[in-house]
Amino acid sequence: MNAERHPLLRHLRPALPAPPWPGQRPQVSFIICTRDRAAVLETCVDSILAACRAHPAFTAELVVVDNGSCDGTASYLSRIAATSDITLTAIHEPRPGLAAARNAGLARARGRVLVFVDDDCRLDGSYLADLERHYASGEKWLIRGGRVEIGDALDLPFTVKRCDQRERLTHAVHPGGFVLGCNMTMHREVAARIGPFDERFGAGGALRSAEDTDYLVRAILAGMAVEYVPDMTIFHHHGRRDRKAIDRLHRDYHFGNGALCVKHIRRAPWLFRHFYWAVRAALRELVGGPKFDRDLELSHWPIVAMNVAGAVKFMVLLLTRRPDRRSQPGAETAEARAEASAQ
């Protein structure tokens with residue numbers, strides 16, 4: 001791959017600071033995106049710092065993207081950056097949306113391995129030891145995600161991944177939730193090959209979710225594996241304790257997934273099989289068939305409805321996007337780079 005020609009590397013190069021250690025990169029960059037969550041962010045950062053100190057042979061850095069907070073997050077990050085024994089880079093990204101924040105962190109991260117962690121998560125103390133063991137195999141061209149447990153017993157068991165077996169993503173399994181964006185790792189060369197996150201997707205974006213799922217699909221289309229491992233554990237303190245909050249998130253996830261079907265219709269038509277299976281399961285519910293999640297009483301019908309709504313929204317975005325940005329030299333957006341890398 002020609003590094004000078006690759007669009008993401010051209011995008012990253014001007015933003016990269018000098019290495020924090022002379023002559024070497026940190027071995028791992030933890031990338032955290034946050035907005036108005038200073039209290040939970042502090043717990044997240046403390047857990048990462050503790051994991052780094054428990055595995056001092058691993059040189060690490062923290063890259064924290066403040067996505068327009070108004071709750072004192074900036075002051076907290078300034079204080080920690082000045083006193084921490086682990087390099088912490090705080091970035092202000094005013095453009096709203098998780099995907100835009102992830103791209104800002106991606107542009108500044110210097111580590112050989114990139115680890116995306118959500119601000120409401122806490123790392124297990126052995127996380128870095130697990131990470132090192134998995135990446136010691138030398139296999140580079142894959143995205144790897146780890147176990148996600150509930151951090152607070154009062155929170156409902158949603159947005160978790162508790163499988164006990166190591167496994168790889170196939171077309172028979174929907175990519176949504178196979179590796180969760182709150183615990184997703186990759187070599188920096190993988191990110192360079194896939195490109196930036198598509199900023200239409202993700203929380204705060206027009207398509208509400210699935211920026212991480214889109215990234216997994218693009219990895220598969222680029223010939224890379226997606227792997228889940230049952231360790232590399234984080235604890236998710238998502239704070240959702242009532243059915244209404246879970247139902248809203250359930251709908252948002254499938255809104256984004258519907259948009260993915262249209263975005264990748266030419267190269268990943270297998271995504272439509274999952275829509276067909278959701279329709280079939282929803283029809284079976286009418287005659288007493290099982291729900292999508294029996295414990296949380298989540299139906300297949302919102303999946304079908306939101307898939308259709310997300311697909312329509314994506315088509316509307318395609319029809320209404322402004323072409324003038326793409327016609328101006330140097331004005332290429334992250335959306336255009338994401339689309340180009342998926343071709």
Inset, instruction - Please arrange 277, 301 by counting, for each residue, the other beta carbons lying within 10 Å of its beta carbon, fewest first. - result: 277, 301
Legend entry - Amide proton proximity set for residue 88, modelled H, under 5 Å, gap of 5+: 62
Legend entry - Percent of alpha-carbon pairs separated by more than 20 Å within the range 41-172: 53
Inset, instruction - Restricting to the chain, compute how many DSSP beta bridges are antiparallel as a %, nearest 5. - result: 40
Legend entry - D (Stokes-Einstein, µm²/s), Kirkwood Cα radius, the range 213-265, 0.890 mPa s at 25 °C: 178
Legend entry - All Cα pairs of the range 7-241, percent lying beyond 22 Å: 49
Inset, instruction - Compute the separation of the alpha-carbon centres of the range 180-244 and the range 246-319 and state it in Å as a whole number. - result: 18
Legend entry - Inter-centroid distance (Cα atoms) of the range 60-87 relative to the range 104-164, Å: 20
Legend entry - Summed side-chain charge close to residue 224 - residues other than residue 224 whose Cβ falls under 12 Å, Lys, Arg +1, Asp, Glu -1: +2
Legend entry - Under the span-like rule (Cα at least 27 Å along the axis, Kyte-Doolittle mean at least 0.0), DSSP H helices of the chain: 301-320
Inset, instruction - Would you kindly state how much longer the chain becomes between residue 270 and residue 163 on full extension, computed as 0.36 nm times their sequence separation minus their alpha carbon distance, in nm to one decimal? - result: 36.2 nm
Legend entry - Computed over the range 98-170, Kirkwood Rh from alpha-carbon pairs, angstrom: 14.7
Legend entry - Distant-in-sequence amide H partners of residue 187 (H built 1.01 Å from N, under 5 Å): 114, 142
Legend entry - Highest-fluctuation residue, 251, 266, 108 considered, GNM on the chain with Cα pairs under 10 Å: 266
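Read the figures in this text as sums done on the coordinates, not as results from a lab. This is a predicted model, so every value here is computed, not measured. Quick reminder, even Gly has a Cβ in these numbers, built from the backbone with ideal geometry, and neighbours come from all protein chains shown.
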